[in-house]
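Undergrad: My questions will all concern the structure given below.
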Amino acid sequence: MLLAFASACVERPIAPGEATVSSSQSKPAPEKQENQLAASPEAPAASEVATLGAGCFWCVEAVYQQIPGVLKVESGYMGGKTPNPSYEEVCTGTTGHAEVVQVTFDPRRLSYPKLLESFWKLHDPTTLNRQGADVGTQYRSAIFYHSAAQREAAERSKSEAASHFPSPIVTEITSAGTFYQAEDYHQNYYRLNKRQPYCQFVIRPKLEKLGLEK
């Protein structure tokens, strides 16, 4: 059942006297500043783009990077009113943006409905503006469609997923706007920073539940 995977970004155990760690409270610099992001292969002419919000983009990126048929995953912001916002601005909740991943995929290997199946599994779409310890409108569950076909598929997928959750799905389905790529240190975050507390206590358990590489 999808519900078995819908724990999203769960809170980690807190040791006595230790501060909590959430993606909005602690965005440490990458462990290895000298590391460069791995070059992404050129997308074929038949590729498509999906834009999804499911809480902290570090979590969502780490999952979609391992889905066969995905060619590229970029973390960024969409759905707000402030042009080219910074991470700090988005965290205030005043820009209206959601943290999203823009997924370029090969529809010959991965259909859009199949891509959305992973979306419902990797987070809890029934919690409004919250995933685990991450709270705010920037963490809202959202599907930004790029075509009428994507909109229809998203609505159908949402209806099909509803029976697998005990509460109503609050995921918004809306037309894609301008995608603003997040700062460089947000890209490929889990792969470059596996020893960071957020990666160890939030992202890694998510990957384990989904049966993905840790």
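Undergrad: Please specify each residue of the range 75-111 satisfying the condition of being among the basic types (Lys, Arg) and assigned to a strand (DSSP E or B).
TA: Of the range 75-111, the ones among the basic types (Lys, Arg) are 81, 108-109.
Across the range 75-111, there are no qualifying residues.
Undergrad: Please find, among LYS206, LYS214, LYS194, the residue that is closer than 19 Å to SER75 by Cβ and not in a helix (DSSP H, G or I). First the steps, then the outcome.
TA: Working: LYS206 fails: not in a helix (DSSP H, G or I); LYS214 fails: closer than 19 Å to SER75 by Cβ.
Selected residue: LYS194, the only one of LYS206, LYS214, LYS194 that is closer than 19 Å to SER75 by Cβ and not in a helix (DSSP H, G or I).
Undergrad: Would you pick out the residues in the range 124-145 that are modelled with pLDDT of 95 or more and on the phi > 0 side of the Ramachandran plot?
TA: Selection gives ASN129, GLY136.
Undergrad: Touching a residue at least 24 places away in the same chain (Cβ under 8 Å), over 14 Å from GLU61 (Cα atoms) and under 15 Å from the mean Cα position of the chain (by Cα), is that true of TYR190?
TA: No.
Undergrad: Would the range 194-202 turn up any residue that is crowded, with 21+ Cβ neighbours inside 10 Å and touching a strand residue (DSSP E or B) at 6+ places or on another chain (Cβ under 7 Å)?
TA: Within the range 194-202, not a single residue is crowded, with 21+ Cβ neighbours inside 10 Å and touching a strand residue (DSSP E or B) at 6+ places or on another chain (Cβ under 7 Å).
Undergrad: State whether the residues of the range 133-146 include one that is of a type in the set (Gly, Ala, Ser), assigned to a loop (DSSP other than H, G, I, E, B), surrounded by 14 or more Cβ atoms within 10 Å (Cβ to Cβ) and in contact (Cβ under 8 Å) with a residue 60 or more places away in the chain. Outline the logic, then answer.
TA: Initial filter on the range 133-146 (of a type in the set (Gly, Ala, Ser)): 133, 136, 141-142.
Narrowing further to those that are assigned to a loop (DSSP other than H, G, I, E, B): 133, 136.
Those still in the list that are surrounded by 14 or more Cβ atoms within 10 Å (Cβ to Cβ) too: 133, 136.
Right, trim to in contact (Cβ under 8 Å) with a residue 60 or more places away in the chain and you get 133, 136.
Yes: the range 133-146 contains one or more residues that are of a type in the set (Gly, Ala, Ser), assigned to a loop (DSSP other than H, G, I, E, B), surrounded by 14 or more Cβ atoms within 10 Å (Cβ to Cβ) and in contact (Cβ under 8 Å) with a residue 60 or more places away in the chain.
Undergrad: Oh, and also: Can you find even one residue in the range 176-186 that is within 18 Å of THR51 (Cα to Cα), touching a residue at least 40 places away in the same chain (Cβ under 8 Å) and touching a Cys at 6+ places or on another chain (Cβ under 9 Å)? Walk me through it before giving the result.
TA: Quick first cut of the range 176-186, residues within 18 Å of THR51 (Cα to Cα) only: 176-183, 186.
With touching a residue at least 40 places away in the same chain (Cβ under 8 Å) added as a condition, the list becomes 176-183, 186.
When the remaining residues are screened for being touching a Cys at 6+ places or on another chain (Cβ under 9 Å), the result is none.
Looking through the range 176-186, none of the residues is within 18 Å of THR51 (Cα to Cα), touching a residue at least 40 places away in the same chain (Cβ under 8 Å) and touching a Cys at 6+ places or on another chain (Cβ under 9 Å).
Undergrad: Which residue pairs have Cβ atoms closer than 7 Å, lie 6 or more positions apart in sequence or on different chains, and pair a first residue in the range 85-98 that is on the phi < 0 side of the Ramachandran plot with a second residue that is among the hydrophobic types (A, V, I, L, M, F, W, C)?
TA: TYR87/ALA182; HIS97/MET78; HIS97/VAL90; ALA98/MET78; ALA98/ALA142
Undergrad: Another question, then. Given the structure, is LYS121 modelled with pLDDT of 95 or more and under 24 Å from LYS214 (Cβ atoms)?
TA: On the way: modelled with pLDDT of 95 or more: yes; under 24 Å from LYS214 (Cβ atoms): yes.
The answer is yes for LYS121.
The values are calculated or read from the model by the stated rules, or taken from the named source; none is laboratory data. A quick note: this is a predicted structure, and the numbers were derived from the prediction, not measured. FYI the Cβ positions are ideal-geometry reconstructions off the backbone, even for glycines, and counts take in every protein chain you see.
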